[in-house]
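Take a look at the structure below.
The values are calculated or read from the model by the stated rules, or taken from the named source; none is laboratory data. As the structure is a prediction and not an experimental result, all values here were calculated from the model. Quick reminder, even Gly has a Cβ in these numbers, built from the backbone with ideal geometry, and neighbours come from all protein chains shown.
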Amino acid sequence: MSKETPCVAVCMIDPKTKLCFGCGRTLPEIARWHAMESVERLSVMALLPARMSEAGLQPIAGTPKRA
């Protein structure tokens, strides 16, 4: 199984920012995740901490999922 997922099984979208409270991805990113190449997934994952911070969101702790 791939570990290339930021999912923590807290799948709730913030209506204001359109980001997942658990991982910081957008719905289109979540929908395409398994179709993305590894390099694209890793690139998105590198952006998530700053994206969440800029949006004023604190990640909700959950159980990390394996893809």
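Taking every residue in segment 1-25 that is modelled with pLDDT under 95 and surrounded by fewer than 18 Cβ atoms within 10 Å (Cβ to Cβ) and pairing it with any residue that is part of a loop (DSSP other than H, G, I, E, B) and among the β-branched types (Val, Ile, Thr), at least 6 positions away or on another chain, the pairs with Cβ-Cβ distances below 9 Å are 8/60; 8/63; 9/63; 10/60; 10/63; 12/60.
Would you pick out the residues in segment 4-43 that are part of a loop (DSSP other than H, G, I, E, B) and among the acidic types (Asp, Glu)? Step through it out loud before you land on a result.
At the first step, the residues of segment 4-43 found to be part of a loop (DSSP other than H, G, I, E, B) are 4-12, 14-18, 21-25, 36-37.
Hits for segment 4-43 are 4, 14, 37.
Kindly provide the set of residues from segment 26-53 that are touching a Cys at 6+ places or on another chain (Cβ under 9 Å) and either without any contact (Cβ under 8 Å) to a residue 24 or more places away in the chain or aromatic (Phe, Trp, Tyr) (or both), ordered by number. Selection gives 26, 27, 29, 30, 33.
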